[in-house]
1. How high is the relative contact order of the stretch 202-329, in percent, with contacts defined as C-alpha pairs under 8 Å that are six or more residues apart?
2. From zero up to wherever the largest Cα-Cα distance of the stretch 114-227 sits, split into 10 Å bins and tell me the percent of pairs in each.
3. Could you give the length gained on full extension between ALA169 and LEU137, defined as 0.36 nm per residue of separation minus the Cα-Cα distance, in nm?
4. For the peptides 216-222, 412-418, what is the packing order when you average, over each peptide's residues, the other Cβ atoms within 10 Å and list the highest mean first?
5. Going highest first, how would you order 300-306, 395-401, 229-235 by mean Cβ packing within 10 Å?
6. I need two numbers for the stretch 274-421: Rg to one decimal and Dmax as a whole number, Cα atoms only, in Å.
7. Quick one: which residues, 5 or more positions from THR168 or on another chain, have an amide H under 5 Å from its amide H? H modelled 1.01 Å from N in the peptide plane, none for Pro or chain starts.
8. Rounded to whole Å, give me the distance from the Cα center of the stretch 299-357 to that of the stretch 231-275.
Amino acid sequence: MTRKIISFVSIVLLGSVFAAAQTQSSDAAAMEQRMKDLEERIIQLEGQVRQLKAQGAATPAVGVTAEQAANAGAQPETKIPVSAGEAAPSPSFGGATNAGKALNPDISVIGDFLGAVGRNEIMPTRSLELHESEIGLQAIIDPYARGDFFVSFGEEGVNVEEGFITFTALPAGFVAKVGKMRAAFGKVNTLHNHVLPWIDRPLVTANLLGGEDGINDAGFSVTRILPAPKGLFLEGTAQVFRGDSDEVFKSSMRSDVSALGHLRAYRDLNESTNLDVGVSYARGHNDLGSAFLTNLYGLDATLRWKPLRRSIYHSFLSRSEFVWSRREQAPNTQRAFGFYTSGDYQFARRWFVGGRYDHSERARNAVQLDRGASAVLTYWPSEFSQLRAQYRFTRYAEGLDANEVLLQLQFSLGAHGAHPF
């Protein structure tokens, strides 16, 4: 506002100079003297503005006339009177809306609507359903921590998918999380439904890692970047949970906690391609009691290709995970193995095509083997909505085949923070 006043006054005074120059061109000395007087007056106005600003005076009205500006001794008219000793009101941008936002977290809602055609007698799904509505609440708590809450609403109930605080300024480069969270076992277990490249989750997730919710429990996590050779990113994570994770772990006593470790290595192969490899281990008690343990071992690898010059039109992502399960149960310990491998190619700005192969034994009976294959087509109308179709064939251990076409519509409202990739 101050600069606008000075600019306006300068234009008015300089206009007077030019007018005088036209009428008094014969008297150059008089014109030069008048210019000096006008310059001194502008300097006086600048000094008065600085004084008003230092004293906390209110902002002058926008509608200052040329006559008022030319009168150097006149005080500018103000919009809001300020009494002696009272501080000038601070400017407000957005009014009550801006003040309310200052204390509220970022709020987002993601809807996931599914449809299914075909037949599946082993794992049937509804023809149409609002599978999940995820509400996210995220905010910086203070300079040392941030909070994240994700609540899932389905047609049959409400579930706190994740709710934790992250301490980002701990000594020695440690980052800690406390609350309910998805365990850092592999890749798919850490992902929410809306960031999956498929409509469903792989068979190995359902058979060995507890299904859609996966290893998800209350506890704490500590992560640190580890020393590594040049060009290699190395990160280690250690987690301790209460010991309840769907069908994977079950706590019968307070001491029946579960533990997990994950080591991740990342490297850029060139300017367009990178490789991400991780190893995981988890241990906990199962539903047979405190005397029976379940041990899980995992290996995951992700290859990404995204050319810098054509990154919005072409990309490729390949991901594979291998999981070994050792479950203690009577009369013998069951050992099971499962994996999936997938590839997703972006062939246009909004179009993706992909495929996935599944192979997994079952944790309670390794003799039972499930296999399947999927083809996926995805279209993004915008970054806030997504349409996807998936053909899925599954051959279950019971000798039954399932042929299905799955359809998905996702939409996002509000500011949803990015998930780790």
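Bear in mind that the values in this text are calculations on the coordinates, not laboratory data. Given the structure is predicted, the values throughout are model-derived calculations rather than measurements. Backbone-built Cβ (ideal geometry, glycine too); neighbour counts: all protein chains shown.
1. Rounded, it is 18 percent for the stretch 202-329.
2. That works out to 12, 36, 33, 14, 5, 1, in percent per bin.
3. Result: 9.4 nm gained on full extension.
4. In decreasing order of mean packing, 216-222, 412-418 become 216-222, 412-418.
5. Going from most to least packed, we get 300-306, 395-401, 229-235.
6. 19.1, 60
7. Amide H neighbours of THR168: ALA145, ARG146.
8. 17 Å
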